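So the structure is just underneath, and the comments pick up after that.
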Amino acid sequence: MLTVKIEQLFLSNMGFVVLLKSETDPRALPIFIGAAEAQSIALWMNGIKVPRPITHDLLKNVLDYLECRLVRVEICDLKEGVFYARLILVQDGMETALDSRPSDAIALAIRAEAPIFLEPRVMEEAGRVIEEKQEPGADDGVPETAPDAESPPKARTLTPMDMLNRDLEKAVADERYEDAARLRDEIKRLKTTHTEN
């Protein structure tokens with residue numbers, strides 16, 4: 001299996017994408033993920049502490065409490081455009097594999113500092129050579145990424161604050177005012193926490 005790491009997390013014109021890359025392969029694997037999982041990954045990657053554990057933090061805490069260790073994550077299959085993953089856990093010397101969505105597996109792996117492995121066949125089927133382009137004078141340091149030559153989406157890395165603001169705008173537009181109030185409060189809390197640090 002190939003060892004891969006998160007190369008980039010970004011919002012494309014089709015949704016959130018986590019880009020996995022191996023040091024030994026020129027290709028990268030783009031996986032579309034949900035907004036909640038993207039936010040969870042982004043919070044951890046940006047070192048943002050939340051006052052109460054979110055789902056992936058909670059799962060990591062439960063594993064620690066049960067003295068169960070996540071030793072690796074395997075992205076093991078691709079069927080009809082859907083990626084499949086496994087969590088490989090060890091407890092009392094016994095290894096167990098649990099089915100998982102890749103997005104949840106990745107969010108948990110980064111918290112447990114567990115390696116992420118990719119089945120070579122999946123890379124063969126869905127891997128892409130990603131071209132990085134930097135416009136002259138661009139100062140944000142964020143490359144454009146293209147999953148394939150036919151349809152290069154313009155992408156930019158989103159911060160957790162960007163995601164929260166986007167979710168807030170959508171909640172207001174959809175007239176989900178309770179969700180909007182919760183998101184507004186979370187934005188205020190993060191701004192306060194960030195200012196204090």
Of all residues in segment 2-16, which are closer than 17 Å to residue 162 by Cβ and assigned to a strand (DSSP E or B)? 8, 9, 10, 11, 12, 15, 16
If we scan segment 79-89, do we find a residue that is under 30 Å from residue 191 (Cα atoms) and either touching a Cys at 6+ places or on another chain (Cβ under 8 Å) or not in a helix (DSSP H, G or I) (or both)? no
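Identify, from the list 43, 58, 70, the residue that is assigned by TED's automatic domain parsing to the domain that holds residue 97 and within 13 Å of the chain's Cα centre (by Cα).
So the residue among 43, 58, 70 that is assigned by TED's automatic domain parsing to the domain that holds residue 97 and within 13 Å of the chain's Cα centre (by Cα) is 43.
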What number of residues within segment 31-53 are outside any loop (DSSP other than H, G, I, E, B) and not hydrophobic (A, V, I, L, M, F, W, C)? 3
Surrounded by fewer than 16 Cβ atoms within 10 Å (Cβ to Cβ) and touching a Pro at 6+ places or on another chain (Cβ under 8 Å): which single residue out of 96, 24, 3 fits that description? 3
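The rows are residues; the columns are (1) modelled with pLDDT of 70 or more; (2) among the charged types (D, E, K, R); (3) part of a helix (DSSP H, G or I).
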{"position": "147", "(1), (2), (3)": "no, no, no"}
{"position": "151", "(1), (2), (3)": "no, no, no"}
{"position": "163", "(1), (2), (3)": "yes, no, yes"}
{"position": "168", "(1), (2), (3)": "yes, no, yes"}
{"position": "172", "(1), (2), (3)": "yes, no, yes"}
{"position": "178", "(1), (2), (3)": "yes, yes, yes"}
{"position": "182", "(1), (2), (3)": "yes, yes, yes"}
{"position": "185", "(1), (2), (3)": "yes, yes, yes"}
{"position": "188", "(1), (2), (3)": "yes, yes, yes"}
Kindly list, by first and then second residue, each pair from a residue in segment 17-30 that is over 16 Å from residue 109 (Cα atoms) and assigned to a strand (DSSP E or B) to a residue that is modelled with pLDDT under 95 and of a type in the set (Phe, Trp, Tyr), limited to pairs with Cβ atoms under 8 Å and residues at least 6 apart or on different chains. 17/10; 17/32
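Is it the case that some residue within segment 38-60 is among the charged types (D, E, K, R), loosely packed, with under 12 Cβ neighbours inside 10 Å and more than 15 Å from residue 106 (Cβ to Cβ)? Give the steps one after another, and end with the answer.
So in segment 38-60, the residues among the charged types (D, E, K, R) come out as 49, 52, 57, 60.
Those still in the list that are loosely packed, with under 12 Cβ neighbours inside 10 Å too: 49, 52.
Within this subset, residues satisfying the condition of being more than 15 Å from residue 106 (Cβ to Cβ) are 49, 52.
Yes, some residue in segment 38-60 is among the charged types (D, E, K, R), loosely packed, with under 12 Cβ neighbours inside 10 Å and more than 15 Å from residue 106 (Cβ to Cβ).
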Checked pairs for segment 100-112, first outside any helix (DSSP H, G or I), second surrounded by fewer than 24 Cβ atoms within 10 Å (Cβ to Cβ) and not hydrophobic (A, V, I, L, M, F, W, C), C-beta under 9 Å and 6 or more apart or across chains, list as 100/84; 100/86; 101/34; 101/37; 101/84
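The values are calculated or read from the model by the stated rules, or taken from the named source; none is laboratory data. Note that the structure is a prediction, hence the values are computed from the model and not measured. In this analysis, Cβ positions are derived from the backbone assuming ideal geometry, glycine residues included, and neighbour counts consider all displayed protein chains.
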